[in-house]
Amino acid sequence: MRLKAEVYICVADVPELSTYRHVYAAVSKCVSRGIYSLSEMPADVAEKLIKRGELLMTELSVEVSRLIGVEYLENYQYLRIVLRKE
């Protein structure tokens, strides 16, 4: 069994509706950026991923940025990294 990490870039679609009686949930749209070997991921990310099975990142590290080819995250964007077993 090989462990891999599937990386998604997600953007939250936050409603601009403001009211005191209702709560509106943000809906995220995610697009896969690829599947990477766990050994390609930074050690701290790989360790957290093995423990939790899934990881959300709101800030890019230099290593992850180089790996997935994304320089920065825009407003309401984040990474979702999911552990895959093959």
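Quick one: Cα centre-to-centre distance for segment 65-81 and segment 21-57, in angstrom? Measuring centre to centre over Cα atoms gives 11 Å. Considering helices alone, the calculated mean residue ellipticity of the chain at 222 nm is -5500 deg cm²/dmol, with DSSP H runs of length four and up weighted by -39500 (n - 2.57) and normalised per residue. Contact order, relative form, for segment 33-79: 39 percent (alpha carbon pairs under 8 Å, 6 or more residues apart, mean separation divided by residue count). Once Cα extents along the principal axes in Å is calculated for the structure shown, the corresponding label among (1) 40, 21, 20; (2) 61, 42, 33; (3) 49, 26, 20 turns out to be (3).
Based on protein heavy atoms only, the chain ends up with 73 Å² per residue of surface accessible to a 1.4 Å probe.
Could you order 48, 85 so the one with the most accessible surface comes first? Probe is 1.4 Å.
Values: 48 85, 85 135 Å².
Solvent-accessible surface, decreasing: 85, 48.
Could you give the length gained by full extension between residue 72 and residue 35, i.e. 0.36 nm per residue of separation minus their alpha carbon distance, to one decimal place?
11.4 nm
How charged is the neighbourhood of residue 10? Take every other residue with its Cβ under 13 Å from the Cβ of residue 10, and add Lys/Arg as +1 and Asp/Glu as -1. Result for the neighbourhood of residue 10: -1.
Could you grab the relative contact order for the chain? Cα pairs under 8 Å, six or more apart, rounded to a whole percent. Each step should come with its number before you reach the end.
Numbers: 137 pairs, mean separation 38.0, N = 86.
For the chain, the relative contact order is 44 percent.
Note on the chain: with neighbouring protein chains present and a 1.4 Å probe, carbon and sulfur make up 49 percent of its accessible heavy-atom surface.
The values are calculated or read from the model by the stated rules, or taken from the named source; none is laboratory data. Just so it is clear, the structure is predicted and the values come from calculations on it, not from any experiment. Reconstructed Cβ throughout: ideal geometry from the backbone, glycine too, with neighbour counts over all protein chains shown. For accessibility, only protein heavy atoms count, side chains too; no ligands or nucleic acids. Shrake-Rupley method; radii C 1.70, N 1.55, O 1.52, S 1.80 Å.
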